[in-house]
Amino acid sequence: MMALSTMLVFFCIHAGHNWGDDFSLYIAQAKSLVTGTINQLFVQNKFTIQNSTKDFGPYLAPFGFPVLLSPIYFVFGINFIAFKWLCALFLILSVPMLYKLFRPHLASSVYVFILMACLVFHSEFVTFTDNILSDLPYFFFSLLALWLMQQKPSILRLLMLGTSIWFAYFIRDIGIVLLPTLFVYQIQGFVADKPNKKQLMRAALPYGVFGAFFLMIYVLLPHGSANNFSVIASKFSYALLKENIIDYMSLFLAYFHITKYYLLPILILIFIGMAVGIKRNLHFVVYCLLMCMILLVWPGKYQGTRFIFPLLPFALFFMLKGAWFIVDRVKIKERYFMLLLLLYLVIFLFFNVRAILLFSHQTTNQAYTPEMQQLYHELPAYVKSDEIIGFDKPRLLRLFTDRNAICTDTAMFQQSCATYLLIPKNEYKNTVSKFSKVYESPNYVLIKKDETTSVH
């Protein structure tokens with residue numbers, strides 16, 4: 001399965017990158033780690049966030065993913081293909097991790113392979129390797145942490161467990177849910193078998209490791225996620241909660257290629273699967289519930305399926321458990337149940353491999369086309385190092401031009417702190433005449449404020 005997954009990924013990784021702006025901050029942070037300019041980047045991006053016309057990210061992303069990117073940057077510089085293969089590697093490494101995690105909980109290896117195929121051969125996962133984002137590394141490290149929880153608690157494994165939980169959190173803040181998940185798993189074990197003092201001290205090791213790494217990073221690196229928490233608190237509402245529930249249910253249905261009429265039966269299967277395995281799989285339930293609680297208050301509607309990647313293995317797992325419970329109760333022979341699942345898998349693979357092959361022929365490069373490369377090279381000649389450019393993707397522009405930028409548009413440009421605004425040509429026709437054109441490419445125009453009316 002690892003070989004097949006690698007082959008499918010090979011078809012999906014393209015040169016360049018799409019217009020998403022998050023990847024540019026990850027690369028910029030990897031660069032800052034190599035060049036020793038972390039504090040400078042923090043100041044620049046904080047300025048970008050605070051002076052932009054919309055909220056679109058933290059002052060700095062968690063440093064776990066940039067740490068993984070930094071050796072590649074050190075050797076190759078900005079190499080999109082190498083960065084993407086690093087992300088793909090974590091999807092491929094998740095294959096054995098999924099098997100190790102779920103095999104003890106399912107009656108047959110066939111069920112585990114069906115679960116794995118529905119993840120690592122799905123077009124959403126495979127085509128996502130064409131992005132330089134932290135989701136697939138987090139996916140792997142969260143699975144690793146959950147698997148280590150289930151192992152015999154030797155000192156080495158407990159140290160590895162604490163490290164993997166911390167690194168999952170270091171990659172994405174939401175990884176903090178692994179700590180209460182571990183606590184519940186340990187308490188459940190202690191209830192069944194009362195621990196002695198030595199066992200309690202060992203059980204505390206992962207928390208000690210996490211705490212030590214947390215304090216080290218707190219001292220050494222800027223606290224870049226502070227604004228994220230204030231944004232979440234300020235934007236929370238019951239309307240957002242309702243909207244997120246609808247959106248995530250839609251993503252879930254789209255992932256399994258089913259209509260809303262199948263949602264209720266699927267949810268029933270999941271809840272049955274949770275209920276029948278609650279004693280043995282309580283840590284899975286806790287992990288999923290805590291993840292859902294955070295996602296439902298997160299103002300990230302535009303983020304898409306990647307936000308539910310960590311939940312999908314457990315949704316499939318509980319669906320299989322629930323379906324097997326029903327099959328067993330109504331006395332259907334297991335081989336018929338397996339045949340039905342394999343039939344679904346064949347249909348599933350047909351449509352997903354087809355989608356992957358179609359994707360392989362698409363042009364996904366938007367941010368690093370020949371035109372954009374020339375623009376990044378030429379723009380600094382028109383903009384002084386202390387001047388600000390307005391652009392829809394400010395972090396991307398700063399990465400390649402070494403000029404700070406904010407997110408603004410033609411309507412807010414005059415009131416913004418930007419001296420220049422980079423806009424598509426079709427928008428330039430609608431701007432007022434007092435904005436003078438200073439640079440032009442085939443599809444973009446750089447305009448400048450009248451110095452007498454500029455706002456600083």
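Placing unit charges on each Cβ (+1 for Lys and Arg, -1 for Asp and Glu) gives the chain a dipole about its Cα centre, and among Asn131, Asn45, Cys417 the Cα reaching farthest toward its positive end belongs to Asn131. Within the set of other residues whose C-beta is less than 14 Å from the C-beta of Ile266, count the net charge using Lys and Arg as +1 and Asp and Glu as -1. Once all neighbours under 14 Å are counted, the net charge is +2.
Sites listed here are chymotrypsin sites (Phe, Trp or Tyr not before Pro) in segment 147-253 whose DSSP assignment is loop and whose Cβ has at most 16 other Cβ atoms within 10 Å: Phe236. Kirkwood radius and radius of gyration were both taken over the C-alpha atoms of segment 344-456, and their ratio Rg/Rh is 1.19.
Per residue, the average separation of C-alpha pairs within less than 8 Å and at least 6 apart gives the chain a relative contact order of 20 percent. Counting only lysines at least 8 places from Lys279 when in the same chain, those with an alpha carbon closer than 16 Å to its own are Lys321. Spin-label model, Gln199 to Phe183: label points 7 Å out along the Cα-to-beta-carbon direction sit 2.0 nm apart. Given +1 at the Cβ of Lys and Arg, -1 at the Cβ of Asp and Glu and no other charges, the dipole of segment 370-448 around its Cα centre is 140 debye to the nearest 20. Calculated on the alpha-carbon coordinates, the convex hull of segment 1-106 measures out at 141 cubic angstrom per residue.
The length gained by stretching the chain between Tyr99 and Lys260 to full extension, at 0.36 nm per residue less their Cα-Cα distance, is 55.0 nm.
Summing charges over neighbours of Ala145, with a neighbour being any other residue whose Cβ is under 14 Å away from its Cβ, gives +3 when K and R count +1 and D and E count -1. Calculate how steeply helix 64-76 sits against the longest principal axis of the alpha-carbon atoms of the chain, using the helix alpha-carbon long axis, and give the answer as 0 to 90 degrees to the nearest 10. Relative to the chain, helix 64-76 is tipped by roughly 60 degrees. Using equal-weight Cα scatterers in the Debye expression, the normalised intensity of segment 67-187 in log10 at q = 0.09, 0.13, 0.19, 0.22 Å⁻¹ is -0.29, -0.59, -1.11, -1.28. Spacing of the modelled spin labels on Phe76 and Tyr382, each 7 Å from Cα toward Cβ, amounts to 3.2 nm.
As an exercise, use a Förster radius of 56 Å and the Cβ-Cβ distance of Lys425 and Leu343 to find the FRET efficiency, rounded to the nearest 0.05. Don't jump to the answer; show the numbers that get you there.
Values: r = 52 Å, r/R0 = 0.93.
Taking R0 as 56 Å, the efficiency between Lys425 and Leu343 is 0.60.
Which net charge results for the neighbourhood of Phe102, defined as the other residues with beta-carbon distances under 14 angstrom from its beta-carbon, given Lys and Arg at +1 and Asp and Glu at -1? Taking every Cβ under 14 Å from that of Phe102, the sum is +4.
Relative to the longest principal axis of the Cα atoms of the chain, helix 80-102 runs at roughly 20 degrees. Legend: distances between Cα atoms for Lys100/Lys194; Lys152/Lys242; Lys260/Lys333; pairs beyond 31 Å are Lys152/Lys242. For the chain, the longest principal axis of the Cα atoms and the long axis of helix 38-51 meet at an angle of about 80 degrees. Within the same chain, lysines fewer than 8 places from Lys46 are excluded, and of the rest, those with a Cα less than 25 Å from its Cα are Lys31, Lys54, Lys235, Lys301, Lys384, Lys393, Lys448, Lys449.
Only one residue of Ser225, Phe210, Tyr238 has its Cα farthest out toward the positive end of the dipole of segment 196-280, where Lys and Arg carry +1 and Asp and Glu -1 on Cβ, and that residue is Phe210. Dipole magnitude for the chain: about 1580 debye, using +1 per Lys or Arg Cβ and -1 per Asp or Glu Cβ, origin at the Cα centre. Eigenvalues of the alpha-carbon gyration tensor of segment 162-228, scaled by 5 and square-rooted, set the equivalent ellipsoid semi-axes at 28, 13, 7 angstrom, largest first. Full extension of the chain between Leu289 and Phe236 gives 17.2 nm of extra length, using 0.36 nm per residue less the Cα-Cα distance.
Every read-out reported here was derived from the displayed coordinates using simple, explicitly stated rules and does not represent laboratory data. Everything numeric in this text was worked out from a predicted model, so none of it was measured. Virtual Cβ from ideal backbone geometry, glycine too; neighbours counted across all protein chains shown.
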